[in-house]
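Below is one structure, written out as structure tokens; comments come after it.
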Amino acid sequence: MLHKVLKNYRLLGGSTKIMNIMYSGRNLCHLPLIKERAYIDGEWVCAADDKIFTVSNPANGEILAKVPDMEEKDVEVAIKAASLAFKEWRNTSAYERSNIMKKWYELMLKHEETIAQIITLESGKPFIESRAEVNYGNAYIEFYAEEARRINGEILQSTYPTKKYFVEKQPIGVVGLITAFNFPLAMITRKLSAALAAGCTCVVKPATDTPLTALAMAQLAHEAGIPKGVVNVVTSSHASNPPVVDFMCKSPDIRGISFTGSVQVGKIINEKCAPHIKRVGLELGGNAPFIVYNSADVDVAVKSALNSKFRNSGQTCIAPNRFLVQDGIYDCFVDNLLVEIRKLKMGDGSKGDVKIGPMINVAQLQKVSHLVDDAISKGANCLLGGKRALSVGDLFYEPTVLTDVRETMKLYMEEIFGPVVSIVRFRTEEESLFISNQPEVGLAGYIFSSDISQIFRVSKRLEVGMVGVNEGIISAAEVPFGGVKQSGIGREGGHNGIEDYIDYKYVCIGNLRF
Ligand code: SIN
């Protein structure tokens, strides 16, 4: 049956496109990993209707590739391929899965420069950040290749001498992995590596704006010998996304969905999966407070503010959304921050010294513009930026600093996802906690203080899933990434990240004779 459906596809194995790209004015690279087909059942395929959509560079609008615009019938083929592959993959030993993932990791290392270039091309991220993302994304593959061999069960103490209680961890089945544009590699490897280690097979749906990194990653998974059907990557346009995601959520053959994206879409996915009692992992938006107390080391706080706020031009779920700065340190922190932000160069991420790239698309640019305009119209004081950087390019927004931010302004409660520092002055620790915990979301929070008791008090009471103390960069393969309240369900990364992909099987052996 699967074979028949696949026959209707144009199978284009040799569709690799070689791109010559000028980096920093020099022709540094050929990018043999740019693929213009989706990856289903170990083959490079078009959409059944031959529809395509274009992927472009947000830094300059240049078209990079045309990839399949897939619909429900295409996704059905991918799900069937994954279901068939699951029958074999689930029976591989953890040792085999670990080894094959290690091979994949080695290939990812070998091609890290090329993958970083693809990330910069399609996301606009400064190249130095893309390199960091490749290290970070690859670390998940390495970590879960190791973790595969530690997915152990238990033998529990029994009340009865004649009974033995065993608990085994089994893969849940086929999983759908749906990711956002802002980390085109790491967001996928964080989910996919855990799923593969557990013995699940996968249908990956990368973000419409950034599918090329996912396809390059799939090519290397293929070369590493990951069997056909175990990893499938389907691509779809903004218009096709809702029906495709709907189909994935409702398919009885998909046992779990892991999604990273907005709270709004996360709620829809949760609702769609509920009638099917499907496993759901949600990593949604946040409104991270970045609290600078009077005792903070200002240099550390300013440096961390730059690192965490301007990472990917602010398009990061854990980016600080509101800077809460205590009275006694306020002027010094704001003055120093302004000096450092003025040094950040904006532009095409492939140029060496660029630190701030474009917004990913027009919708994101408009959202940021709207939030800033709203705040200014309601009395925020704009110390820097506050408008589009049209001289740099169509999708660029100036690094912006707003003070006197108040609750009536939309960006107080809404996730900005742009290069905008919004600052609120506070007096007491209690006040900082009240402001921090107001939103319905709680992903990350940051505390800058040299008072150890305050650090413990505040990190305990912050309603978030992750806390950075005197540190703005907190992500790592070894740790559980995720939020509380409406920021999501479950954790990704670390040994905890396996939980989304396993079922516990309890086996009771009775009537034993000793
Ligand atoms: C995200 O924006 O969701 C990912 C950030 C990270 O992994 O550090």
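Here, each number is a calculation from the coordinates, and none is a lab measurement. Since the model is a prediction, treat every value here as computed from it, not as a measurement. With ideal geometry, Cβ positions are generated from the backbone for all residues, glycine too; neighbour counts draw on all protein chains shown.
Find the relative contact order for the range 288-478 and round it to a whole percent, using C-alpha pairs within less than 8 Å whose residues are 6+ positions apart.
28
How do the peptides 382-390, 501-509, 101-109, 287-295 rank, highest first, by the average count of neighbouring beta carbon atoms within 10 Å per residue?
Result, highest mean first: 287-295, 101-109, 382-390, 501-509.
Could you check what % of the DSSP bridge pairs in the range 363-475 are antiparallel, to the nearest 5? Mind showing how you got there, number by number?
Values: 4 of 11 bridges.
Restricted to the range 363-475, the bridges split so that about 35 percent are antiparallel.
Round to the nearest 10 and give me the degree value, 0 to 90, for the angle of helix 263-273's Cα axis relative to the longest principal axis of the chain.
Between the helix axis and the principal axis of the chain, the angle is about 20 degrees.
For the ranges 221-228, 90-97, what's the packing order if you count other beta-carbon atoms within 10 Å of each residue, average per peptide, and put the highest first? Show your work: numbers first, answer last.
Details: 221-228: 17.6, 90-97: 14.1.
Averaged packing, sorted descending, gives the order 221-228, 90-97.
Output wanted: per-residue J couplings in Hz (rounded whole) for the range 333-342, from phi through Karplus 6.51 cos²θ - 1.76 cosθ + 1.60, θ = phi - 60°, x for Gly and Pro.
4, 5, 4, 5, 5, 4, 4, 6, 5, 4
Which listed residue (A239, I268, P161) has the Cα farthest towards the positive end of the charge dipole for the chain, taking +1 on Lys and Arg C-beta and -1 on Asp and Glu C-beta about the Cα centre?
Ranked along the dipole, the leading option is P161.
For D49 paired with S391, estimate the spin-label separation in nm (one decimal), with each label point 7 Å from Cα along the Cα-to-Cβ line.
4.6
Hey, what do the phi angles of the range 233-247 turn into as Karplus ³J(HN,Hα) couplings, whole Hz, using 6.51/-1.76/1.60 and θ = phi - 60°, x for Gly and Pro?
Per residue, the Karplus-derived 3J(HN,Hα) values read 10, 10, 10, 8, 6, 4, 5, 7, 4, x, x, 5, 5, 4, 4 Hz.
Taking amide hydrogens as modeled 1.01 Å from N in the peptide plane, which residues meet the under 5 Å criterion relative to I172, leaving out close sequence neighbours?
I502, D503
What is the ratio of the Cα radius of gyration of the chain to 2.2 N^0.38 Å, with N the residue count, to two decimals?
1.00
Rounded to the nearest 20 Debye, what is the dipole magnitude of the range 112-204 about its Cα centre when Lys and Arg each give +1 and Asp and Glu each give -1 at the C-beta?
It comes to approximately 500 debye.
Using a 10 Å cut-off around each Cβ, can you sort E440, E72 from fewest to most neighbouring Cβ atoms?
E440, E72
For K505, give me every one of the lysines with a C-alpha distance below 24 angstrom, ignoring sequence neighbours fewer than eight places off in its own chain.
Straight-line reach from K505, under 24 Å: K87, K163, K164, K169, K191, K278.
In whole Hz, with x marking every Gly and Pro, tabulate ³J(HN,Hα) for the range 382-398 from phi via Karplus 6.51 cos²θ - 1.76 cosθ + 1.60, θ = phi - 60°.
Values per residue, Gly and Pro as x: 8, 8, 7, x, x, 7, 5, 9, 5, 5, 8, x, 5, 9, 8, 10, 5 Hz.
For the chain, give the magnitude of the charge dipole about the Cα centre (Cβ charges: +1 Lys/Arg, -1 Asp/Glu; no others), in debye to the nearest 20. Walk me through the numbers before you get to the answer.
Working: 58 positive and 58 negative charges, 262 e Å.
Roughly 1260 debye, rounded to the nearest 20.
Tell me the label-point distance for the pair I474, N135, using the 7 Å Cα-to-Cβ offset, in nm and rounded to one decimal.
Output for this residue pair reads 2.1 nm.
Once fully extended, how much extra length lies between K110 and I509, figured as 0.36 nm per residue of separation less the alpha-carbon to alpha-carbon distance? Display every interim value, and only then the final one.
On the way: separation 399, 0.36 × 399 = 143.64 nm, distance 4.85 nm.
Full extension of this stretch gives 138.8 nm more.
Would you please give the residues with an amide H less than 5 Å from that of I474, counting only those at least 5 places away or on a separate chain, with H modeled from the backbone geometry?
none
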